[in-house]
Amino acid sequence: AQSVSQHNHHVILSEAASLELGCNYSYGGTVNLFWYVQYPGQHLQLLLKYFSGDPLVKGIKGFEAEFIKSKFSFNLRKPSVQWSDTAEYFCAVWGLRSYNTDKLIFGTGTRLQVFP
Amino acid sequence: EADIYQTPRYLVIGTGKKITLECSQTMGHDKMYWYQQDPGMELHLIHYSYGVNSTEKGDLSSESTVSRIRTEHFPLTLESARPSHTSQYLCASTVTGVKGGAQYFGPGTRLTVL
């Protein structure tokens with residue numbers, strides 16, 4: 001069965017600190033990978049996505065993620081966080097076998113708090 | 001900009017009441033989803049639809065039901081609400097294709113059953 005693990009449940013950083021949120025998945029086939037973000041009081045929105053090609057993908061607001069196939073990982077990074085990055089971050093996996101349903105598997109989420 | 005709407009945003013009701021959570025999207029997406037999310041927890045898929053007149057149960061068992069009579073509309077109904085139904089319900093949609101997983105989410109309905 002597919003599963004997604006996010007290692008950090010709660011991360012607290014000061015502004016300008018670097019960020020890396022871990023995400024590992026369990027799936028034996030081709031996958032599409034996503035990071036979603038939920039800012040306080042707002043709806044869940046797509047932060048970045050990986051379908052194929054360059055394993056380093058860039059998203060909005062300076063975020064990037066690297067797909068390492070051998071490690072089944074898709075970690076999220078940002079060199080310098082801002083207070084406005086305070087949010088809940090979800091890693092998600094879509095397996096190619098789910099083609100007919102487009103079912104996403106979500107991790108438990110990481111709550112990021114950034115202090116000025 | 002994705003346009004997917006959910007109403008109401010917040011709902012507090014008593015046990016035994018029938019409720020319908022509305023979800024509409026204006027993007028013409030054929031696939032729609034309902035997720036349930038408890039605070040601090042992951043999203044769980046409870047229903048999905050491939051298109052009009054198509055509905056399927058998701059991975060998490062739910063006492064709710066859904067219908068898809070129109071492409072843009074995917075309402076969720078609880079015939080008799082109970083305190084165990086207290087949760088946040090998120091609606092999402094996407095287009096069919098190999099770029100699976102790029103779903104657009106609504107703002108959610110936070111349901112409290114007393």
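In terms of overall dimensions, chain B has a Cα radius of gyration and Dmax of 13.4, 43 angstrom. Largest first, the residues B:47, B:73, A:9 sort by 1.4 Å accessible area into A:9, B:73, B:47.
Other residues with beta-carbon under 15 Å from the beta-carbon of residue B:15 carry, at +1 per Lys or Arg and -1 per Asp or Glu, a net charge of +1.
In this simple spin-label model, placing a label point 7 Å from the Cα along the Cα-to-Cβ direction at both residue B:80 and residue B:52 gives a separation of 3.5 nm. Sequence-distant contacts, meaning Cα pairs under 8 Å at least 6 residues apart, place the relative contact order of region B:4-113 at 36 percent.
Placing a pseudo-label 7 Å from each Cα along the Cα-to-Cβ vector at residue A:26 and residue B:17 gives an inter-label distance of 4.0 nm.
Could you order A:69, B:17, B:31 so the one with the most accessible surface comes first? Probe is 1.4 Å.
Numbers: A:69 150, B:17 115, B:31 10 Å².
The residues order as A:69, B:17, B:31, largest area first.
Each chain gives up part of its surface: B and A jointly bury about 2000 Å² of accessible area, both sides summed, for a 1.4 Å probe.
If you count the DSSP beta bridges with both ends in the protein assembly as shown, what percent of them are antiparallel, to the nearest 5?
Working: 64 of 73 bridges.
DSSP beta bridges in the protein assembly as shown are roughly 90 percent antiparallel.
Once you charge only the Cβ atoms, +1 for Lys and Arg and -1 for Asp and Glu, what is the size of the charge dipole of region A:3-115 about its Cα centre, to the nearest 20 debye?
On the way: 10 positive and 8 negative charges, 51 e Å.
About 240 debye.
Computed from label points 7 Å out along Cα-Cβ, the spacing between residue A:82 and residue A:111 is 2.4 nm.
Per-residue surface analysis assigns residue B:82 an accessible area of about 100 Å², computed on protein heavy atoms at 1.4 Å probe radius.
Highest GNM mean-square fluctuation, chain B, Cα pairs closer than 10 Å: which of B:22, B:72, B:56? Per the Cα network of chain B with a 10 Å cutoff, B:56 tops the list.
When the alpha-carbon atoms of chain A are used, the pair Rg, Dmax equals 13.8, 45 angstrom.
The values are calculated or read from the model by the stated rules, or taken from the named source; none is laboratory data. Quick caveat: nothing in here was measured; it's all calculated off a predicted structure. All Cβ positions, even for glycine, are placed from backbone atoms using ideal geometry, and neighbour counts span all protein chains on display. In case anyone asks, the SASA skips ligands and DNA or RNA and just uses the protein heavy atoms, side chains included. Shrake-Rupley method; radii C 1.70, N 1.55, O 1.52, S 1.80 Å.
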